[in-house]
């Protein structure tokens, strides 16, 4: 065996060992969550075993935790609400941010850079820091305890980063394609709609995943803006299992598993675009 | 892109917008009940809802309990709602006396003194629970003297001990250590038997502070504690150095569970519930927690051991557990007060105690509790007295940090006391 082959095998072994170790650290919490969701409360504290019971006894694991969690936390209603907030929120974030990013990238107007950096600066403001002014604003707009109010918060919260990412992506697109389209008689909006937007698909896929995750997992804003239980998102359901002093871990883990499934599906559907999107947008931007 | 695609996209966009705006017509927040209560006690929601149903059947008044947790989110919601003048009929700002005082002074909280005196309502409560919701004449926050909240339950902090582990170490499980030297001896015997003697969530500053405060009351008494607060007795006083030394003694005798300085109370509770530690300094809520973690745990409850040389009784952290305040500008103020009056009567408090395993604020009901909880309720009278002054959070923080430093051997008791005193002087100077 020559030195180059040995070097190649060694590099490959080291790389794969590191990757397997990283993958295990990522997968372990998910495995622990699923395993705990099938245990009893006292089993969680007394047994460190990774499996809820003997493998042969799989049918006797506490599968009923899932039904109990679904019913007790009223997941049906919350699940629908979360799907609604996520779909509508992400749709408007993509629509508005792509239009704004295209304008920042291609159009020339006074104060363009100032406006762009002002927008980016909003990324530095933590959400809990704006609770009170946000609450007052929503009250004055009569949007407190409404789905519209919460959605507007979600949309505005996601816009700055989306514009930043998409602008970086649009900046990298060759201007020649657009100039050719202009010569062929396409309007500005036509170029955006027919050329820029389809080419930005990887970045959009990245944004869909990131914003879906953010909105699906969001809890603080919903709790502050909403009062009506019927409008609350799925994370509110998980709260039922966390008492002031006692947490019902099996039901909480079962609830978490249920809440995780849709977002894992979105990720699996879009994952092939994510690396491409981040590399093309954020890094170059 | 085909015309059909454009048409479909525009329609989808329109439909979504229509869905959002039509489905959620803008409007002012309208209460869906006669009395709305915002609380943070998620584990009591089911019991509260049952009581609300009962009250509706009895009186026709609809009460709605709305939960917002965890507590920091709840606090955010309360402060935002207060700013927007949209507080519910009943709530709790979840702050210390200074914070509650700011709500009272801003006219957000109703004075309940008159209502509490009617039909001797106030007499049904543990006096300690009521005292914490009372502002005395001449209080430092300039609040009009009176009672401002209705206590729902009470708690206190004591030491749980595992009877089986005591037996294993050759200790009598029915005779717990009453004095500090006995406590040290028990700790040594437990360690010799390879049992971790003592655990608590000392990583959470307030628990280590609460343990130390018991000895402050033991060594200084009421007047002494007050003089320390007023800066008339320095933290470098030999008695405060002695308090720091107690932690050093525990460390030297290997009483502490490993990692106690960074341990949160949830981990400490797990350590005690699973029999990994023999004693745990924890609140009365621990009865419920340990039951959920290990229903077969065989334990007893004892007060922190007193110092034989101390001249004053050893008191414990505790008193008020959860309380509810009435919105001063609520249109349903009277209905809210009437509901709270009903909620604190024997029958409802018995139900709450049974369902939630907390010590009710109604002292008559507290007599019929399970044994471990009864020990706590009997010791409510031995909790710290409510003083007209509180220590600044900066100094409190310094005390807790320095106690932790002593445990890890970073400071000597004397240097820790000097550090705290230096901070006290800084705060007093800033206050002036």
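The values are calculated or read from the model by the stated rules, or taken from the named source; none is laboratory data. Keep in mind the model is a prediction, meaning the values are calculated, not measured. Positions of Cβ are backbone-derived with ideal geometry, glycine not excepted, and every protein chain shown enters the neighbour counts.
Summary table below
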{"quantity": "Residues that are touching a residue at least 40 places away in the same chain (Cβ under 8 Å) and outside any strand (DSSP E or B), drawn from the range B:289-311", "calculated": "B:290, B:291, B:297, B:298, B:303, B:304, B:305, B:307, B:308, B:310, B:311"}
{"quantity": "Some residue of the range A:107-114 being surrounded by 13 or more Cβ atoms within 10 Å (Cβ to Cβ) and either closer than 24 Å to residue A:207 by Cα or not assigned by TED's automatic domain parsing to the domain that holds residue A:207 (or both)", "calculated": "yes"}
{"quantity": "Filtered residues of the range A:176-189 (kept if farther than 18 Å from residue A:100 by Cβ and in contact with a helix residue (DSSP H, G or I) (Cβ under 8 Å, 6 or more places away or on another chain))", "calculated": "A:177, A:181, A:182, A:186"}
{"quantity": "Count - residues of the range B:213-235 that are crowded, with 18+ Cβ neighbours inside 10 Å and over 18 Å from residue B:311 (Cβ atoms)", "calculated": "1"}
{"quantity": "Filter pass, residue B:412 being closer than 30 Å to residue B:153 by Cβ and in the same structural domain as residue B:303 (by TED's automatic domain parsing)", "calculated": "no"}
{"quantity": "Scan of the range B:261-275 for residues that are within 19 Å of the chain's Cα centre (by Cα), surrounded by 19 or more Cβ atoms within 10 Å (Cβ to Cβ) and part of a helix (DSSP H, G or I), ordered by number", "calculated": "B:265, B:268, B:269"}
{"quantity": "Leading residue by the ranking (nearest to the other protein chains (Cβ to nearest Cβ)) among those in the range A:70-110 that are under 30 Å from residue A:174 (Cα atoms) and outside any helix (DSSP H, G or I)", "calculated": "A:107"}
{"quantity": "Any hit, the range B:304-327, residues being under 18 Å from residue B:281 (Cβ atoms), within 14 Å of chain A (Cβ to nearest Cβ) and in contact with a strand residue (DSSP E or B) (Cβ under 8 Å, 6 or more places away or on another chain)", "calculated": "yes"}
{"quantity": "Residue count, the range A:59-69 (criterion: part of a helix (DSSP H, G or I) and out of contact with any helix residue (DSSP H, G or I) (no Cβ under 8 Å at 6 or more places or on another chain))", "calculated": "4"}
{"quantity": "Condition broken by residue A:145, with the remaining ones in (1) assigned to a loop (DSSP other than H, G, I, E, B); (2) on the phi < 0 side of the Ramachandran plot satisfied", "calculated": "(2)"}
{"quantity": "Tally of residues being part of a loop (DSSP other than H, G, I, E, B) and either touching a strand residue (DSSP E or B) at 6+ places or on another chain (Cβ under 6 Å) or at pLDDT 95 or above (or both) across the range B:233-260", "calculated": "9"}
{"quantity": "Verdict on residue A:128 being in contact (Cβ under 8 Å) with a residue 60 or more places away in the chain, out of contact with any strand residue (DSSP E or B) (no Cβ under 6 Å at 6 or more places or on another chain), within 14 Å of chain B (Cβ to nearest Cβ) and surrounded by fewer than 17 Cβ atoms within 10 Å (Cβ to Cβ)", "calculated": "yes"}
{"quantity": "Count of the range B:60-86 residues which are away from chain A (no Cβ under 12 Å), part of a loop (DSSP other than H, G, I, E, B) and in contact with a helix residue (DSSP H, G or I) (Cβ under 9 Å, 6 or more places away or on another chain)", "calculated": "2"}
{"quantity": "Qualifying residue in the range B:283-297 (condition: more than 14 Å from chain A (Cβ to nearest Cβ) and surrounded by fewer than 24 Cβ atoms within 10 Å (Cβ to Cβ))", "calculated": "no"}
{"quantity": "Lone qualifier among A:206, A:260, A:214 - being more than 13 Å from chain B (Cβ to nearest Cβ), closer than 29 Å to residue B:267 by Cβ and under 14 Å from the mean Cα position of the chain (by Cα)", "calculated": "A:260"}
{"quantity": "Of the criteria (1) surrounded by 14 or more Cβ atoms within 10 Å (Cβ to Cβ); (2) more than 22 Å from the chain's Cα centre (by Cα), which one residue B:117 fails", "calculated": "(1)"}
{"quantity": "Residue ID - nearest to residue B:140 (Cα to Cα), chosen from residues in the range B:60-114 that are touching a residue at least 40 places away in the same chain (Cβ under 8 Å) and surrounded by fewer than 16 Cβ atoms within 10 Å (Cβ to Cβ)", "calculated": "B:98"}
{"quantity": "Failed item in (1) more than 14 Å from chain A (Cβ to nearest Cβ); (2) in a helix (DSSP H, G or I), with residue B:278 passing the rest", "calculated": "(2)"}
{"quantity": "Output for the range B:348-392, where each listed residue is farther than 28 Å from residue B:56 by Cβ, out of contact with any strand residue (DSSP E or B) (no Cβ under 8 Å at 6 or more places or on another chain) and at pLDDT 90 or above", "calculated": "B:391, B:392"}
{"quantity": "In the range A:1-58, the residues that are loosely packed, with under 10 Cβ neighbours inside 10 Å and not in a helix (DSSP H, G or I)", "calculated": "A:1, A:2, A:48"}
{"quantity": "Within the range A:134-175, considering residues that are at pLDDT below 90 and more than 9 Å from every other protein chain (Cβ to nearest Cβ), the one nearest to residue A:88 (Cα to Cα)", "calculated": "A:169"}
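A quick yes/no check of all residues on (1) under 15 Å from residue A:248 (Cα atoms); (2) modelled with pLDDT of 90 or more:
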{"site": "A:12", "(1), (2)": "no, yes"}
{"site": "A:35", "(1), (2)": "yes, yes"}
{"site": "A:41", "(1), (2)": "yes, no"}
{"site": "A:47", "(1), (2)": "no, no"}
{"site": "A:64", "(1), (2)": "yes, yes"}
{"site": "A:73", "(1), (2)": "yes, no"}
